[in-house]
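Here is the structure we will look at, set down as structure tokens.
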Amino acid sequence: MSPFLLLVLAGFLARFGYQMARSPVLPRFAQDLGAAPALLGLIVAASTVTGIVIKLPAGALSDLLGRKRMMLLGCCFFAGPPLLYPLIHSPGALLGVRFLHGVATAIFSPVASAYVADLSRRERGEKLGWFAAANDLGATAGPLLGGLLLFYTASYTATYLAVSVLGILPLLVMLRMPDADQPAAHAATLGERSRQFWAGIAEVLSNRPVLVASTMEAAMYVGYGAFLGFFPPYAKGIGLNDAQIALVMGGHLAATMVAKPFSGRLSDRLGRKPLIVAGLFLCAATLPAVPTLTSIWTLALVSGLFGLGVAIVTPSTTALVADLVETGRMGSAMGVFGTIWDCGEAGGPILAGLLISALFYSAAFALIAVFMAAVACFFMVTVSDPSVPVAARGGELRSRQ
């Protein structure tokens, strides 16, 4: 099996087991432990906070130590922390374990993205699209299996032990990964390694186009987080039942998963910037329509279009960040990208909650849409689009050699 297929399989398995530990099992577990609503929200968001702190140094370390080593370390956190859940008897302990469990994706995700980006430049967008789609498939299937397992066993212990067993699978896959990724040249001293580490982070953080491109993903996830967090209560309020809500959300996720590889391929041929701008504007156009609709079919259509916008943005922004940095800084770049992304993902539900409390759904979603459109306009005027698509540039470079 090729390194790329191994990465796709590892990404699916990692996300599958990890998300199985989250919704709907985690909120139920926290409630049964007596967590107040505010603490419950913090417990659910804890792993994202871990990502904000750890993704950047994890990515930078992979430039020094190699991708495979860091991904193996991340895989250990997929399998180990779930064994602690059965020992938990208080909300505070659950919060601590959630921070620890979040180390898994905080290390694995940016390093895996850097590894995929390293494999190919000409087909970078398409490969990142397939990798993202595999992660989305795991993130969709995990909660389904977790909910079914909890329903049939009525046991949090059995559910989280299953999560631990599933967490071993990405580790086994990564052990088969060849040591093709070469870490940076060995430094003579620990001090020299430390200087290389901080130099890589500083170089990426001073790259304005990388920061702006990463902000595009964060802006999109502000709207995405608002939709995922507040569409279910809105739908309940207009009379949709749980099955109908699941149907709309399922269509949205399906559109996102199916479209990502194809949008990534388009970005390889047409350039990153047109796809990013088009995707953000599509998200901005469809999000405000959601709270104005009451029919399940129109809601399914609009949510599917919103999912298409998400699918257009994500592979293109990831590939653009990879295009903008030197190969030796790829891990640092993906760490910066993941950190800013997590800020948007964490901030979306919080911002939406504040706005909905003050202005209700329609105005809140409209303001978030205006924010996404404004960020897209800022991106259009601050980041230069390559003169030709990536695939064509690769051909030009070969012809000059």
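Yes/no per residue for (1) surrounded by 23 or more Cβ atoms within 10 Å (Cβ to Cβ); (2) closer than 11 Å to Gly125 by Cα; (3) acidic (Asp, Glu):
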| position | (1), (2), (3) |
| --- | --- |
| His252 | yes, no, no |
| Ala278 | no, no, no |
| Thr292 | no, no, no |
| Thr314 | yes, yes, no |
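Would you confirm, using the coordinates I've provided, whether Ala300 is assigned by TED's automatic domain parsing to the domain that holds Met380 and under 19 Å from the mean Cα position of the chain (by Cα)?
Working: assigned by TED's automatic domain parsing to the domain that holds Met380: yes; under 19 Å from the mean Cα position of the chain (by Cα): no.
Here the answer is no, as Ala300 does not meet what is asked.
Name the residue that is nearest to Ala114 (Cα to Cα), counting only residues in the range 1-28 that are surrounded by 21 or more Cβ atoms within 10 Å (Cβ to Cβ) and among the aromatic types (Phe, Trp, Tyr). Outline the logic, then answer.
So in the range 1-28, the residues surrounded by 21 or more Cβ atoms within 10 Å (Cβ to Cβ) come out as 7-8, 10-21, 25-26.
Still in the running and among the aromatic types (Phe, Trp, Tyr): 12, 16, 18.
On the way: Phe12: 16, Phe16: 20, Tyr18: 20 Å.
The extreme case among them is Phe12.
So, in the range 38-69, of the ones that are within 16 Å of the chain's Cα centre (by Cα) and under 21 Å from Met174 (Cβ atoms), which residue ends up modelled with the lowest pLDDT? So that I can check it myself, show each step before the final result.
The first filter runs over the range 38-69 and keeps only residues within 16 Å of the chain's Cα centre (by Cα), leaving 44-56, 58-59.
If we keep only those that are under 21 Å from Met174 (Cβ atoms) as well, we get 47, 50-51, 54-55, 58-59.
Working: Ser47: 86, Thr50: 91, Gly51: 90, Ile54: 92, Lys55: 93, Ala58: 93, Gly59: 90.
Among them, the one singled out is Ser47.
Among the candidates Phe337, Phe365, which residue alone is within 17 Å of Trp198 (Cα to Cα) and not small (Gly, Ala, Ser)?
Phe337
Before we move on, is Gly74 outside the structural domain of Gly328 (by TED's automatic domain parsing), in contact with an Asp or Glu (Cβ under 8 Å, 6 or more places away or on another chain) and of a type in the set (Gly, Ala, Ser)?
Spelling it out, it is not the case that Gly74 is outside the structural domain of Gly328 (by TED's automatic domain parsing), in contact with an Asp or Glu (Cβ under 8 Å, 6 or more places away or on another chain) and of a type in the set (Gly, Ala, Ser).
Given the criteria β-branched (Val, Ile, Thr), outside any helix (DSSP H, G or I) and farther than 22 Å from Asp136 by Cβ, does Thr294 qualify?
Spelling it out, Thr294 is indeed β-branched (Val, Ile, Thr), outside any helix (DSSP H, G or I) and farther than 22 Å from Asp136 by Cβ.
Filter the range 315-360 for residues that are of a type in the set (S, T, N, Q) and out of contact with any Leu (no Cβ under 8 Å at 6 or more places or on another chain) and give the result. Full working, then the answer.
Going residue by residue through the range 315-360, those that are of a type in the set (S, T, N, Q) are 316-318, 327, 332, 339, 357.
Within the range 315-360, Thr317, Thr327, Ser357 meet the criteria.
Which condition does Asp268 not pass, out of (1) crowded, with 24+ Cβ neighbours inside 10 Å; (2) among the acidic types (Asp, Glu); (3) within 21 Å of Ala139 (Cβ to Cβ), if it passes all the others?
Only one criterion in (1) crowded, with 24+ Cβ neighbours inside 10 Å; (2) among the acidic types (Asp, Glu); (3) within 21 Å of Ala139 (Cβ to Cβ) is unmet by Asp268, namely (3).
Within the range 322-372, restricting attention to residues that are part of a helix (DSSP H, G or I) and β-branched (Val, Ile, Thr), which residue is surrounded by the fewest Cβ atoms within 10 Å (Cβ to Cβ)?
My answer is Thr327.
Contact list please: Cβ distance under 6 Å, first residue in the range 221-244 and under 22 Å from Phe337 (Cα atoms), second residue among the acidic types (Asp, Glu), pairs at least six apart or on different chains.
Tyr221/Glu345; Gly225/Glu345
When residues of the range 89-126 are filtered for being in a helix (DSSP H, G or I) and either touching a residue at least 60 places away in the same chain (Cβ under 8 Å) or under 16 Å from the mean Cα position of the chain (by Cα) (or both), how many remain?
So the answer is 24.
Considering Leu72, Leu119, Leu144, which residue is surrounded by fewer than 20 Cβ atoms within 10 Å (Cβ to Cβ) and either of a type in the set (D, E, K, R) or modelled with pLDDT of 90 or more (or both)?
None of the others qualify; the one that does is Leu72.
Just for the range 227-278: of the residues that are of a type in the set (Gly, Ala, Ser) and touching a Leu at 6+ places or on another chain (Cβ under 8 Å), which one is modelled with the lowest pLDDT?
Ranking the candidates gives Ala235 first.
The values are calculated or read from the model by the stated rules, or taken from the named source; none is laboratory data. Remember, it's a predicted structure, so these values are computed and weren't measured experimentally. Note: ideal-geometry Cβ built from the backbone for every residue, glycine included; neighbour counts use all protein chains shown.
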